[in-house]
Structures are given as structure tokens and as C-alpha cells.
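The values are calculated or read from the model by the stated rules, or taken from the named source; none is laboratory data. Quick caveat: nothing in here was measured; it's all calculated off a predicted structure. When we count neighbours, we look across all protein chains shown, and the Cβ atoms used for this are built from the backbone with ideal geometry, even at glycine. When the accessible area is computed, the model is the full protein with side chains, heavy atoms only, and any ligands, DNA or RNA have been set aside. Shrake-Rupley method; radii C 1.70, N 1.55, O 1.52, S 1.80 Å.
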Amino acid sequence: MPEGDSVFRLAARLRRSLDGRTLERGDLRVSAHATDALDGMRLMEHATHGKHLLTRFDGGVTLHTHLRMQGSWTVTAPGRSLPRALLPDARVILAVRDGPTAYGLALPVVGLVATRAEHDVVGHLGPDPLRPDWSAEEAVRRLRGDPGERVAATLLDQRNVAGFGNLWANELCFLRGVHPDTAMADVDVPALVALGARCLRFSATQPGAYQVTTGRTRKGEQHWVAGRAGKPCLRCGTTIRVRAEVPGDPGRRRTWWCPRCQPLR
């Protein structure tokens, strides 16, 4: 699932392949920027804020992209290209001189902004545990903004904390022993924030730990509740339950929980 740790790892991969190099070809295959050529620009750095990727070039220009549910990036080795069948899905093509080529496939968000104006596209986001400017205190303040809201919904609101998607919202509720429908007024918010930040950082940076919340890497056992509807809880054996988050939700998000480990009080 593309969440903050997914994009952080993606940025690290693109950084190794592209940063500090000059583009031989830079195409944006979206109508809004079809005539904007990036050829000859130097890639300065890749940064992230939550699920947003910021690719910065010399000259004060930033490419802003977002994966949502369907987007992805792939990098081909020097002299290699994307399979012909996938080329129609390429919304971004970044080819460095005498080096690899990065393809942004089926990206739903592709935009160019002045680097000084990045706030226009990410300024609404809450603090991100994976950024140097992370503030746990600010995250706690924002999460407490609506005491009556459900904890799962509050965690999914990127204006509170940037980077927690549906997998982490559900897994953090389990790890804290709270039902996803628990009101924020009844949640130990500082403890939730501390755990969430620690988990996201570990998932983003440790080899073999990506989105593994149980410590088990065997298929079907990586998560406590997410994606495990109808299966026994790995802690107590109770059948994991699932409910549609919001009817018609384009993200097709679900809520999972263990009725015994996460009773609704």
C-alpha cells in the first residue's frame, strides 16, 4: 500500500539513480505540462512530505507527483527502456545522460511548481515523522482537534499527520489496543503519536522491515489485522473482522480489528 514509508523508500531509490545528474530527456506526458521540457536540467534532490514526492531541479523548479492507489515508478538501467506495452502509461520520463531512466507510470498527480512555492501543494499537510522538521507536539495538537472523531478516520486525515495510510491506521489501532471507532477523546494521543512515528521510521529505513508490523515476514503474518478479515488473530485467535470504511470511497479503504484485543468501550 502506498503510504508515507512507501514514498520515502521510492525517493531514496530515485535519489541513488538520478540526483546530481543532468537530464538528457525530461518529458511530462500530461496536458497541463505537455510543452514544458525538462531537458538539460540538473536533478538536485528528491524530498517527500507524507505521500507526496518532490523532485527538485536547478533553476528553482520542482516536479510534484503523487502515487495515490494506482501510480508507480520504475527505473531502467543505462541503455535499457521500458517495455513497449507500458509506454502509454508513462506520465513522466526522466532520462539522465549516460545513465538510467526513471518512468512515472499512471501517476494521477503530475505538476510543476516553483521550488519556493512548494507550500502551495503540500502546505496543507500535517507534520511528517520522516522529515527533519517533524514535531510530535504539533501532531498531538492536530489529532486532538476533533475529540469526537473516530481514531481511524483521524489518523487517515493527512492534515493531522502526513504519511499514515489505511494500513498504518488499522495496525496502530491494534498495537495500541483501541477499537478503530474509539473517539479521540478516549485515546492516549501522545502514546499513539510516539508509536506511529517509531513504526513509520522503522518501516521506511530498515531492510526487510517495510510495512511488517508483527515482526514476522511469512506471507499472511506480516500484519496484525490489515488484510486479515476472517482469519484468526495472531495474538488471541479471535476472528478478525472487517467493515467498508466509506461506501463509494475511491480508495476502497477498509477497517479491520480484533474484537477481543480491541474492544469498543
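For the reader, a short list of remarks on this structure follows.
- For region 239-255, the condition holds for at least one residue, the condition being that it is under 29 Å from D146 (Cβ atoms), assigned to a strand (DSSP E or B), basic (K, R) and in contact (Cβ under 8 Å) with a residue 24 or more places away in the chain.
- Of the set (1) out of contact with any Asp or Glu (no Cβ under 6 Å at 6 or more places or on another chain); (2) of a type in the set (D, E, K, R); (3) surrounded by 13 or more Cβ atoms within 10 Å (Cβ to Cβ), all apply to R218 but (3).
- Top-ranked residue in region 194-210 [being crowded, with 20+ Cβ neighbours inside 10 Å and touching a Leu at 6+ places or on another chain (Cβ under 8 Å); ranked as farthest from P263 (Cα to Cα)]: A204
- The number of residues in region 96-106 being among the hydrophobic types (A, V, I, L, M, F, W, C) and open to solvent by 10 Å² or more (accessible area, probe 1.4 Å) comes to 2.
- Scanning region 93-100 for any residue that is part of a loop (DSSP other than H, G, I, E, B), farther than 18 Å from L38 by Cα and at pLDDT 95 or above turns up nothing.
- Yes/no for A229 being assigned to a loop (DSSP other than H, G, I, E, B), open to solvent by 40 Å² or more (accessible area, probe 1.4 Å) and either among the small types (G, A, S) or modelled with pLDDT under 95 (or both): yes
- Residues of region 134-150 classified as closer than 14 Å to A162 by Cβ, open to solvent by 40 Å² or more (accessible area, probe 1.4 Å) and either touching a Pro at 6+ places or on another chain (Cβ under 7 Å) or not assigned by the TED database to the domain that holds P180 (or both), total: 2
- Annotation: of all residues in region 67-95 being surrounded by 13 or more Cβ atoms within 10 Å (Cβ to Cβ) and without any contact (Cβ under 8 Å) to a residue 24 or more places away in the chain, the one that is nearest to the chain's Cα centre (by Cα) is D89.
- The residues listed here are A37, A32; of these, the one that is open to solvent by 40 Å² or more (accessible area, probe 1.4 Å), modelled with pLDDT under 95 and assigned to a helix (DSSP H, G or I) is A32.
Listed here are the residues, each with its yes/no results for (1) closer than 20 Å to C258 by Cα; (2) open to solvent by 20 Å² or more (accessible area, probe 1.4 Å); (3) in contact (Cβ under 8 Å) with a residue 40 or more places away in the chain.
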position	(1), (2), (3)
T154	yes, no, no
R159	no, yes, no
G163	no, no, yes
C173	yes, no, yes
H179	yes, no, yes
L192	yes, no, yes
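- Check on R16, over 21 Å from the mean Cα position of the chain (by Cα) and in the same structural domain as R116 (by the TED database): no
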